[in-house]
Amino acid sequence: MITSRSMTRVEVMNKPLLRFGSRGADVILLQQALNAALVIKPELETDGIFGSKTNAHVHQFQGNSHLSVDGIVGPLTWGALAPFIDGLTTLVTKIVSPADEMAARQRIVATANLLNEQFKWDGKISETNPRIAGKYCCNPKTRLRQGGAQLTAIFSIAGVANAQKCLTISREAELMYQRKYTARERNAKDIVSWCGIFAAYVYKIAGLKISGWPLKYYLFSVKPEDQLRVLGGKEIPKIGDIGVIDARGGRNHHFVIVGISNSLITSVDGNAGLYMEIVKKINGYTVDGVKKHDGYFLTPIWDRVLT
């Protein structure tokens, strides 16, 4: 059974103050969270010693998060790191690779459903609300994005460079979303579409050994480095597979299958809804409908993603 939750305010306030020279298990947690939050190579060695490299990473994270850049990890910095710690709780310290395909599929479904419950949009705009509405600014002064910290964690853990762009939304991008716009314009002014990134994040949190984004697969042949393959014409998708719709029509939308009955698909979709949200669609797709709309289904190559 997968369990995950956001750090409470009390837990954040009770985290110890860390600075250059600190040592111990909390420094290890800090180093792991910084490795998830920042796309900086080489990653920090998680040795529990707050040295010069950890100090530099803290400064980088504080600057990206619009915090006071002082190298001191207090309540505000711990709070900004909380979504990454949530991911690490399952991804790094708790989750081991599922035993077999059936266990993996069940875990993918449980993970996707859990993330939907935790981070689906609830209409409450607030810096402290982790629920995602990617088109909303939750603080006009700092330009923080609604749910931006959690989006940053999704991008970073999925393996996307420049994940820190998710934290804020410019006024220009905010205005763009109030009119018609193209995918090219969105990519230039704001974050990329993240439906497939969310699917990769679900797989990683579920314990699959996915190398990173982009999810690598080929439509017509399987290469040695592939971790996913496209289902053949007569193969029926199963829970835990990924659906892709309107693949060449510009939408190229990905979703995680969490239920299927008589060709009716229940899914959890990232970057869906009116405000770029996480949405659960009950019987929102059909197998034939996906194929008719220039779509297909992806399934893991199990001996390459389980260890």
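A few remarks follow.
- Separation of the Ile40 and Lys209 label points, Cα + 7 Å toward Cβ, nm: 2.9
- What you get for the chain, charging only the Cβ of Lys and Arg (+1) and of Asp and Glu (-1), is a dipole of about 600 debye around the Cα centre.
- For Lys180 and His66, the difference between the fully extended length at 0.36 nm per residue and the C-alpha to C-alpha distance is 38.0 nm.
- Summarising the amide proton neighbourhood of Thr168: residues at separation of 5 or more, or on other chains, whose placed amide H is nearer than 5 Å comprise Arg145.
- For the residue pairs Lys180/Lys280; Lys141/Lys180; Lys234/Lys280; Lys15/Lys53; Lys204/Lys238, alpha carbon separations beyond 23 Å are given by Lys180/Lys280; Lys141/Lys180; Lys234/Lys280.
- Here is how the number arises for the chain: DSSP H runs of 4 or more residues each give -39500 (n - 2.57), the sum is divided by the residue count, and the result at 222 nm is -11000 deg cm²/dmol.
- Using alpha carbons only: equivalent-ellipsoid semi-axes of the chain, gyration tensor based, whole Å: 33, 23, 17
- GNM result for the chain, Cα springs below 10 Å: residue of Ser126, Ser65, Ser52 fluctuating most strongly: Ser52
- Relative contact order (%) - criterion: Cα under 8 Å, at least six apart; region: the chain: 16
- Between region 283-307 and region 191-210, the C-alpha centres lie 14 angstrom from each other.
- Span-rule helices in the chain, defined as complete DSSP H runs reaching 24 Å or more along the axis (Cα) with Kyte mean at least -1.0: 101-119
- Derived scalar couplings ³J(HN,Hα) [region 160-169; Karplus, 6.51 cos²θ - 1.76 cosθ + 1.60; whole Hz; x for Gly, Pro]: 8, 5, 6, 4, 5, 4, 6, 5, 10, 9
- Estimated FRET transfer efficiency (Glu172, Glu127; beta-carbon r; R0 25 Å; 0.05): 0.75
- In region 101-197, the inverse of the mean reciprocal separation of distinct Cα atoms equals 14.4 Å; this is its Kirkwood hydrodynamic radius.
- Listed residues Arg19, Arg107, Arg251, most fluctuating in the chain (Gaussian network, C-alpha, under 10 Å): Arg251
- Taking other Cβ atoms within 10 Å as a rough exposure proxy, Ile236, Ile301 sort from fewest to most as Ile236, Ile301.
- The value obtained for region 216-305, namely the Cα convex hull volume divided by the number of residues, is 107 Å³ per residue.
- Across region 9-91, the volume of the C-alpha convex hull divided among the residues equals 86 Å³ per residue.
Read-outs throughout are calculated quantities, based only on the coordinates presented, and are distinct from any laboratory measurement. Just so it is clear, the structure is predicted and the values come from calculations on it, not from any experiment. Methodologically, a virtual Cβ is constructed for each residue, glycine included, from the backbone with ideal geometry; neighbour enumeration extends over all protein chains shown.
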